Amino acid sequence: MIERLAIEGYRSIRSLVVDLAPLTVVTGPNGSGKSSLYRALRLLADCGEGRVIASLAAVGGLEAVRWAGPEHGTRRGQATEGTVRRGPVALRLGVATDALGYAIDLGIPVAQRSAFDRDPEIKQEHVFAGALPRPGGVLIERKRGVARASTDAGWMELSRGMHPWASVLDELAGHAEAAELAGARRMLRGWRFHDALRTDATAPARQPQVATRAARLDDDGANLAAVLQTAIEMGWERELERAIDDAFPGSRLRLPVVDGRMQVALEQPGMLRPLAAPELSDGTLQYLLLTAAMLSAEKPGLIVLNEPERSLHADLVPALAARIRDAAAATQVVVVTHQATLAEALGGARIELEKRGGETVVAGREGLLDQPAWHWPTR
Ligand SMILES: Nc1ncnc2c1ncn2[C@@H]1O[C@H](COP(=O)(O)OP(=O)(O)OP(=O)(O)O)[C@@H](O)[C@H]1O
Ligand SMILES: [Mg+2]
C-alpha cells in the first residue's frame with residue numbers, strides 16, 4: 001500500500017507531503033490543486049513506464065509545469081524574497097510504501113544545443129527501504145549518469161554514463177544486484193487511472209466488441225462488456241447484480257454475444273426489450289464503466305479516479321460510492337472529487353486542499369512542520 005506521497009515544484013504545488021489510506025478522498029474548491037496532485041501521481045506512474053520525460057515534454061517541458069511562485073512560498077500573497085531564484089529548478093516526486101520507496105528529481109538540461117530543448121533531465125533517482133528516503137535506507141542511488149547499489153560490501157556501481165532521459169527503473173530493472181528496482185517499477189506499473197472513459201454518442205463502449213476475456217478495462221472503456229462478463233465468470237456475479245440493482249432498481253444487465261461480438265444491454269422495468277449500449281444514457285454508461293473498473297478481474301495495486309461523478313446524476317452517487325468502497329477493500333483507491341456528496345458518501349481518509357498565497361496546501365496545516373516527514377536528497 002502507498003503510504004506517503006511527496007511532490008515538490010509541480011504546478012501549484014510548491015511542496016506537499018500527504019499520507020494515503022486504503023481509501024483516500026482528495027477534495028477542495030476549484031483551483032485548489034486537486035488536478036495537480038492527480039497529474040503528479042500520473043507522472044510517477046509514467047516513471048514506471050519509462051515515459052516521464054516524454055509526458056513532460058508533451059505539455060511544454062519543465063518550464064511549463066514547474067511551480068511559478070517563489071522558492072520559499074508567499075506570505076499573504078506577497079513573495080517573501082526577491083524574484084531571483086537561487087536554488088536549481090527542480091520537480092521532485094516521491095512515493096513510499098512501508099517497505100519500499102522511489103524518488104525522482106527532474107531538472108532543466110545543462111546548456112547544450114539540441115532540438116529536444118523541452119526534454120527535462122533526470123538529475124537523481126533513489127530507491128529506498130522503508131517509508132522515508134533516509135540517507136541510511138538508500139538501496140539504489142542515481143546521481144546524473146552514475147547509478148550505484150548499496151550492498152553489504154559497500155557501494156557497487158551499476159552503471160556509468162546513463163543518459164539524462166533514461167530512468168534506472170527502465171534501464172537497470174533487470175540487474176541482478178538491484179532487485180529493488182524491479183520492485184519499485186512493479187509498484188508504479190500496478191497503478192490504474194480512469195479519467196478517459198468515454199460515454200459520448202460514438203464511445204467505443206457503445207459498439208459491439210470482440211468477445212475475449214478481459215481482466216482490465218481499456219482506458220476508453222472499449223472492452224466494457226468483456227470485462228463485466230469476465231468478472232461474472234470469475235465469480236463476481238452477485239456483486240455485479242447488486243451494483244446494477246443499487247443504481248437501477250429492478251434492472252438486469254445483459255451481455256449478449258452475437259457472432260463473436262458482445263455488447264452491454266440493460267433490461268429495465270416497463271421496457272419491452274433490453275436497451276442496447278447505444279441507447280443508454282451517458283450517466284448510465286459512466287456508472288457501468290466505473291463498476292467495471294472496480295470489479296475487473298485484475299486487482300491493481302492502486303486505482304486513481306479523477307472526478308468519477310462526471311455526468312452522473314446525484315441519485316447515482318450513493319451507488320457509485322458503494323462500488324468504490326467495495327473496491328477499496330481489495331485495492332488501494334484515491335478519489336479526486338469536488339463533489340461534497342460523493343466525498344461524504346465515500347468516507348475514508350480525507351485530504352482537503354486549499355490554495356494559500358497561490359500555493360496548494362492541505363487545509364488546516366499551519367506550515368511545513370505540520371507535514372508528514374520527507375527528506376529529499378540534495379543534488
Ligand atoms: N506552474 C504553476 N505554478 C503555480 N500555479 C499554477 C501553475 N500551473 C497551474 N497553476 C494553478 O494551480 C491551480 C490548481 O489547478 P488545478 O487544476 O490542480 O485545480 P483543481 O483543484 O483541479 O480545480 P478544479 O476543481 O477547477 O478542477 C490553478 O489555480 C492554476 O492556476
Ligand atoms: Mg481539476
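The values are calculated or read from the model by the stated rules, or taken from the named source; none is laboratory data. Since we're looking at a predicted model, the values are computed, not measured. Counting neighbours? That spans all protein chains shown, and the Cβs are built from the backbone with ideal geometry, glycine included. Note: areas computed on protein heavy atoms with side chains; ligands, DNA, RNA excluded. Shrake-Rupley method; radii C 1.70, N 1.55, O 1.52, S 1.80 Å.
Once backbone amide H atoms are built at 1.01 Å from N, residue 10 has 67 as its partners under 5 Å, excluding neighbours fewer than 5 places away on the same chain.
Rounded to the nearest 0.05, what FRET efficiency is calculated for residue 182 and residue 202 with R0 set to 35 Å and r the Cβ-Cβ distance? The value I calculate is 0.30. How far apart, in nm, are the 7 Å Cα→Cβ label points at residue 255 and residue 42? Label at residue 255, label at residue 42, 2.8 nm between them. When all protein chains stay in place and ligands, DNA and RNA are ignored, the 1.4 Å accessible-area order of 175, 194, largest first, is 175, 194. A simple count of charges around residue 1, restricted to other residues whose Cβ falls under 12 Å of its Cβ and scoring Lys, Arg +1 and Asp, Glu -1, yields -2. For residue 143 and residue 282, a Förster radius of 45 Å and the Cβ-Cβ distance give a FRET efficiency of 0.35, rounded to the nearest 0.05. Working note: Karplus 6.51/-1.76/1.60 with θ = phi - 60° gives the range 315-332 the couplings 4, 8, 4, x, 5, 4, 4, 5, 5, 5, 4, 4, 4, 5, 6, 10, 9, 5 Hz, where Gly and Pro are set to x. Given +1 at the Cβ of Lys and Arg, -1 at the Cβ of Asp and Glu and no other charges, the dipole of the chain around its Cα centre is 860 debye to the nearest 20. Along the range 159-175 the Karplus relation, 6.51 cos²θ - 1.76 cosθ + 1.60 evaluated at θ = phi - 60°, assigns HN-Hα couplings of 7, 10, x, 5, 5, x, 9, 9, 8, 4, 4, 8, 6, 10, 4, x, 5 Hz to successive residues, with x for each Gly and Pro. Expressed as a fraction of 2.2 N^0.38 Å, the value expected for a compact globular protein of N residues, the C-alpha radius of gyration of the chain is 1.08.
Going by accessible area, probe 1.4 Å, with all protein chains left in place, what is the ranking of 192, 134, 379, 113, largest first? Walk me through the numbers on the way to the answer.
Working: 192 30, 134 140, 379 100, 113 240 Å².
Output order, biggest surface exposure first: 113, 134, 379, 192.
Per 0.36 nm of contour for each residue apart, how much would the distance between residue 233 and residue 352 grow if the chain were fully extended, relative to their Cα-Cα spacing?
Computed gain between residue 233 and residue 352 is 38.9 nm.
At q = 0.23, 0.24 Å⁻¹, what is the base-10 log of I(q)/I(0) for the range 193-299 according to the Debye formula with one equal point scatterer per Cα and no solvent? Please give it to two decimals. Relative scattering, expressed as log10 I(q)/I(0), comes to -1.38, -1.51.
Any idea how far the Cα center of the range 114-180 sits from the one of the range 218-250, in Å? Between the Cα centre of the range 114-180 and that of the range 218-250, the gap is 42 Å. Only protein heavy atoms count here; on that basis, with a 1.4 Å probe, residue 234 has an accessible area of about 120 Å².
Of all alpha-carbon pairs in the range 278-354, indicate the percentage at a distance above 22 angstrom.
Across the range 278-354, Cα pairs with separations above 22 Å total 20 percent.
At full extension, residue 111 and residue 340 could sit 77.7 nm farther apart than now, given 0.36 nm per residue minus the alpha carbon distance.
Global size of the range 218-273: 11.9, 33 Å for Rg and Dmax (C-alpha atoms, Rg to one decimal, Dmax whole).
Annotation for residue 1 and residue 371: the two label points, set 7 Å from Cα along the Cα-Cβ direction, are 2.3 nm apart.
Look at the alpha carbon pairs under 8 Å that are at least 6 residues apart: their mean separation over the length of the chain gives a relative contact order of 22 percent.
Restricting to the chain, what percent of DSSP beta bridges are antiparallel, rounded to 5? Expressed as a percentage, antiparallel bridges in the chain total about 75.
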